[in-house]
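The values are calculated or read from the model by the stated rules, or taken from the named source; none is laboratory data. Note that the structure is a prediction, hence the values are computed from the model and not measured. For neighbour counting, all protein chains shown are included, and Cβ atoms are generated from backbone atoms with ideal geometry for every residue, glycine included.
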Amino acid sequence: MVRSISKGYPIIPFLAPLTIFVLIVAVSKSSLITSHSQELSLAITIDLLLTAPLVYFLLLRTTSIPKITVVPIFGVGILIASLILPSDGRFLLDLAKTWVLPLVELFVAVFIFLKIRKTVALFRRESVHEPDFYSALNKVCKELLPPRVDAIFAMEMSIFYYTFFAWKGRKLTSTEFTYHRESSTSILLGVFLFVLLIETFVVHLLLQNWSNLVAWILTIISIYTAFQLFAILKSLRRRPVIVGEKALFLKYGLFADTAIPFNKIKSIELSSRTMTFDKLTRHLSPLKETDSHNVILELKDDHELTGLYGMKRKFRTIAFHIDEKECFQEAVTLKLA
């Protein structure tokens with residue numbers, strides 16, 4: 001019965017620990033916790049840190065939910081226990097925080113590292129191309145995290161990676177093509193980043209006289225936005241378009257990503273003609289008309305384009321810029337033939 005329910009309703013595994021959490025919080029608010037403090041505190045701690053994660057694990061086994069999501073359930077249990085337990089009933093909780101929690105954190109860190117390493121090794125075996133960090137991380141996050149959460153986590157980690165690491169360039173192969181050299185996106189992002197940094201400094205000085213807290217909050221938000229722009233700017237150079245063995249991998253930094261099987265491509269045209277962009281006619285760049293294009297790709301049916309933070313958009317015709325457009329057309333035409 002549990003198996004059939006879990007397969008049909010993947011929300012069931014989440015509802016079970018949630019119900020346990022709600023009931024335990026209700027018990028903690030009753031008069032029982034004051035009259036039987038020691039006994040109830042021990043039972044509450046066991047239910048929050050052991051029973052809830054165990055029930056969740058047993059229910060998710062037959063679903064597509066990653067098993068690593070047991071860890072957040074355990075973390076929520078620790079958080080709730082820290083908020084509701086009285087000071088004289090925290091012995092088992094303190095023990096778990098001191099010894100169990102660090103081991104769980106170490107396990108998660110090692111698990112993610114091994115997953116990324118395994119994915120990169122798989123990319124290298126299956127392709128002659130150097131695997132890019134964002135693609136590898138996306139694949140790992142889809143295996144580990146729930147939908148939507150995986151895309152957000154992958155994007156945030158990639159922003160950190162491209163901001164502080166990813167300095168060393170590499171030589172591209174004959175089937176990898178850049179798009180940033182003659183595109184206006186790099187210039188616009190660079191200008192906007194420079195203006196943002198100047199304005200952040202000026203606005204901080206102006207707001208500091210009114211509210212120091214508001215000034216620092218806006219400054220932190222602006223600095224993080226600057227990191228995002230800088231990461232995207234660097235990713236434009238490090239995520240080339242790839243003509244693979246079975247598919248065309250269109251990328252535009254962290255802005256856009258799609259893999260188009262060659263059997264879905266209807267035609268490829270070298271053209272800079274004016275286009276009207278709508279629900280099924282897209283520009284690979286989010287700047288659309290502001291950014292130039294010299295290649296137009298038409299597909300036989302609808303396909304999906306993945307944007308920032310995993311946002312999906314349909315398209316059948318897509319325009320984009322390639323620095324060496326003739327070589328790109330020749331490489332794609334050979335695959336179509």
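A few points about this structure:
- Residue in the range 292-300 that is in the same structural domain as residue 188 (by TED's automatic domain parsing) and under 30 Å from residue 198 (Cβ atoms) present: yes
- Options 253, 310; residue that is small (Gly, Ala, Ser), in contact with a Leu (Cβ under 9 Å, 6 or more places away or on another chain) and touching a residue at least 12 places away in the same chain (Cβ under 8 Å): 253
- Condition check for residue 182: surrounded by fewer than 18 Cβ atoms within 10 Å (Cβ to Cβ), closer than 16 Å to residue 284 by Cβ and at pLDDT below 90: yes
- Among the residues listed as 235, 271, the single one being within 30 Å of residue 201 (Cα to Cα) and either at pLDDT 90 or above or under 18 Å from the mean Cα position of the chain (by Cα) (or both): 235
- Counting only strands (runs of 3 or more DSSP E) that sit wholly inside the range 258-337, those with at least 2 residues that are within 20 Å of residue 181 (Cα to Cα) are 295-306, 312-320.
To keep it simple, each residue is scored yes or no on (1) without any contact (Cβ under 8 Å) to a residue 60 or more places away in the chain; (2) in a loop (DSSP other than H, G, I, E, B); (3) assigned by TED's automatic domain parsing to the domain that holds residue 135.
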| site | (1), (2), (3) |
| --- | --- |
| 152 | no, no, yes |
| 166 | no, yes, yes |
| 171 | yes, yes, yes |
| 174 | no, yes, yes |
| 179 | no, yes, yes |
| 207 | yes, no, yes |
| 210 | yes, yes, yes |
| 220 | yes, no, yes |
| 249 | yes, no, yes |
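- Checking each residue in the range 54-64 for being closer than 11 Å to residue 12 by Cα and part of a loop (DSSP other than H, G, I, E, B) picks out only 63.
- Residue match in the range 79-93 (condition: at negative phi, assigned to a helix (DSSP H, G or I) and within 29 Å of the chain's Cα centre (by Cα)): yes
- Search result, residues across the range 313-337 that are more than 30 Å from residue 146 (Cα to Cα), of a type in the set (A, V, I, L, M) and either in contact (Cβ under 8 Å) with a residue 24 or more places away in the chain or crowded, with 17+ Cβ neighbours inside 10 Å (or both): 319, 322, 331, 332, 336
- If you go through the range 270-289 and keep only what is more than 27 Å from residue 135 (Cβ to Cβ) and not aliphatic (A, V, I, L, M), you end up with 271, 272, 273, 274, 276, 278, 289.
- Of residues in the range 1-51 being farther than 14 Å from residue 80 by Cα and not in a helix (DSSP H, G or I), the one modelled with the highest pLDDT: 11
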